[in-house]
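The values are calculated or read from the model by the stated rules, or taken from the named source; none is laboratory data. The shown structure was predicted, so the numbers you read here are calculated from the model rather than taken from an experiment. Cβ atoms come from the backbone with ideal geometry, glycine included; neighbour counts cover every protein chain shown.
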Amino acid sequence: MGLCMDFLNWLEPDMSIQVLTCLDDPTDLVRISSVSRSWRHFVIENGLCKKLCLRLFPQLSRVAQVIEINNPDTKAEVGSSNSKELETLEREHRVYAFLACGFTSFNVGDSIKRALSASSTDNFPEESIRNTLEPRDVVGRRASYWSSKGQSDPAVPEVLIYKLVSDFVVINEINIQPFKAYFQLGEPIYSAKAVRFRFGHAKSPMDVESDPMGESFPDEKFIWTYTSQVFPMTQENILQTFKLPEPVLCIGGFLQIELLGRVQRQEMDGLFYICVSHVQAKGKSLSPAFGVEIHEPSGQFVLKNNIQAKGNIQPSLPENDSDVNADLDLERDIRDMLPFVNMLQGNVVDFDEFEWNDAEEGMDEEFVEEGMDEEFVV
């Protein structure tokens, strides 16, 4: 084999960054940081894992601070300004690398925790928004669905608001099933003409709880940080899938569904209605491994990493069986990622404590060839 060259020593730093930012798999960046001490420093000092996360999810640009909780390997920020800056960069490297891996590794599932409110409800509680989380079409010999109030103007929209399973969720798609009134003549389907989705957070979480009367919370109570395109809806009694162009990171844990336009008039009163049987939000919850603390009015937030040194999660108290299953899924995901976490935290090779002799010092700044994959040799 020919002599291997370390391109980080041969290329200008800007060109090396351009090469490494072409990688879109966080595990590749972690492998690179394990090749040698100089490569590790280069990845950390240039924030390559953070840049990868920002490419995947621009919403992370509002992160003001990164905090690691229950990590005994985290050093106190004492000493010179240079040492504090290096500790900050190392912490961001660990957190963003694990976060990027979580985006691509955790299981996709239904991410709605509970239904909060609807802009209107025809017959409460029989036709409550809570029925949209019930997968069965009939419950207790009654049809299970939400119904708006009737309107003479078919252009009047409706709004449904849901709380997601955590404050830090990646959403891939929304599924909605319009209701088919099998008990009415002709079995009409009360779909909307189109839908649009918003994600965001509450201005004051204490002010946002389920409304016992099913009425909608005003928009003034929320900050919507993402608004989707308008998706056309078909007048069919099927679970219709509305896939987002790119997965969206919802910071704050609230989903708003706008139902735009009405197509079906009810024969008995001549008014237009919108009715929904079922709603799903497919995504990945990164809690309790990650959490956020939102600061208002700036809109910036603190990103909190709850992974312990051995890769265990800090479990939150589940509210029901579905939450228990979600926590078990997350624990399994974390266990599968344990080698990745150990590598990030230096448990495989501790670069700070590794004894470099003179011969190795001459090689490093080259490679520890055992830890190097062929694709990184030029």
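Out of segment 85-130, which residues are closer than 24 Å to LEU260 by Cα and assigned to a loop (DSSP other than H, G, I, E, B)?
SER111, SER119, SER120, THR121, ASP122, ASN123, PHE124, PRO125, GLU126, GLU127, SER128
Within segment 174-202, can you find the residues that are in a loop (DSSP other than H, G, I, E, B) and either under 19 Å from GLN240 (Cβ atoms) or not assigned by TED's automatic domain parsing to the domain that holds PRO245 (or both)?
PHE179, ALA181, TYR182, GLU187, PRO188, TYR190, SER191
Which count do you get for residues in segment 137-147 that are surrounded by fewer than 18 Cβ atoms within 10 Å (Cβ to Cβ) and closer than 13 Å to PHE183 by Cβ?
Here the count works out to 4.
Given GLY150, GLY200, which one is within 19 Å of LEU259 (Cα to Cα) and touching a Gly at 6+ places or on another chain (Cβ under 6 Å)?
GLY200
Only one of (1) at pLDDT 95 or above; (2) small (Gly, Ala, Ser); (3) closer than 30 Å to GLN184 by Cβ fails for SER216. Which number is that?
For SER216, the failing item is (1).
Determine which member of the set LEU54, LEU86, LEU48 is modelled with pLDDT of 75 or more and over 18 Å from CYS101 (Cβ atoms).
LEU86
Table: residues versus (1) surrounded by fewer than 20 Cβ atoms within 10 Å (Cβ to Cβ); (2) more than 18 Å from GLY270 (Cα to Cα).
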| position | (1), (2) |
| --- | --- |
| GLU127 | no, yes |
| THR132 | no, yes |
| PRO135 | yes, yes |
| LYS149 | yes, no |
| PRO154 | yes, no |
| ILE174 | no, yes |
| GLN184 | yes, no |
| GLU187 | yes, no |
| TYR190 | no, no |
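Exactly one condition in (1) within 22 Å of VAL170 (Cα to Cα); (2) assigned to a loop (DSSP other than H, G, I, E, B) is false for THR234; which is it?
(1)
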